[in-house]
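The values are calculated or read from the model by the stated rules, or taken from the named source; none is laboratory data. Here the structure is a predicted model, which is why all the values come from computation and not from measurement. Reconstructed Cβ throughout: ideal geometry from the backbone, glycine too, with neighbour counts over all protein chains shown. Quick note on the areas: whole protein, heavy atoms, side chains included, nothing else; ligands and nucleic acids left out. Shrake-Rupley method; radii C 1.70, N 1.55, O 1.52, S 1.80 Å.
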Amino acid sequence: MVIGILKKQLKTACHIGIIFLIGFRFALFVGKNKDKTIQKYKTYYQMLVSWMDLLERGKYLSNYLEKYGYNRVAVYGGHDTGRHLVKQLQGTRVCVEYIIDRDGSLKNNNFLPIYHPDDQLPKTDAIVVTPIWDYQNIKEKLSAKISCPVISLQEIIEGMKDV
């Protein structure tokens with residue numbers, strides 16, 4: 001069972017890496033603010049490599065969330081990274097209650113409720129922000145309307161060194 005979960009996690013991480021690598025290469029060609037865009041994708045790439053390193057060592061993000069009592073979470077960002085986070089948390093003791101996303105046309109294959117950031121958000125233990133590049137801005141807006149912790153995916157990955 002553990003080997004099956006590890007294979008699933010590694011497959012997910014590989015898909016994430018490929019998606020961001022393609023996005024990074026695309027950004028090199030069409031970015032208006034080329035330097036800022038390159039730095040953004042480098043940040044995502046480095047985070048994803050760290051995530052994959054954790055998976056290869058058998059460390060799961062759910063362990064971090066459980067350690068801090070975040071058993072019911074919302075995921076901010078329903079696209080690539082958010083989708084992979086939701087998949088990684090499936091089958092663990094951490095339940096993703098809903099997704100928060102600004103994109104009104106977001107397709108949800110996980111059958112989770114999708115809320116816009118301006119909506120009244122249901123109570124949860126924590127919100128995990130996957131668009132890490134805009135984390136501070138997102139955190140400020142969400143913290144003004146909800147009382148649970150708002151943490152970045154990058155913060156979780158970096159915090160896994162202690163778990």
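Ordered by 1.4 Å accessible area with all protein chains kept, Arg72, Arg93, Arg102 run largest first as Arg93, Arg102, Arg72. When nucleic acids and ligands are ignored and a 1.4 Å probe is applied, Thr43 ends up with an accessible area of around 20 Å².
Which pairs, out of Lys59/Lys161; Lys11/Lys107; Lys34/Lys107; Lys11/Lys59; Lys87/Lys141; Lys11/Lys87, put more than 19 Å between their alpha-carbon atoms? As for pairs spanning more than 19 Å Cα to Cα, those are Lys11/Lys107; Lys34/Lys107; Lys87/Lys141. Put simply, the C-alpha atoms of the range 37-136 give a gyration tensor, and the ellipsoid matching it has half-axes of 21, 19, 12 Å, longest first. Here the extension length gained between Arg102 and Asp53 equals 14.6 nm, from 0.36 nm per residue of separation less the Cα-Cα distance.
In nm, give the distance between the simple-model label positions of Asn137 and Glu155, each being 7 Å from the Cα along the Cα-to-Cβ direction. In this crude spin-label approximation the distance works out to 1.8 nm. Extending 7 Å from the Cα toward the beta-carbon at both Gln120 and Asn63 defines two label points whose distance is 4.0 nm. Think of the range 30-163 as having a plus end and a minus end, set by charges on the Cβ of Lys, Arg, Asp and Glu; of Ile146, Val49, Gly159, Val49 sits farthest toward the positive end of this dipole.
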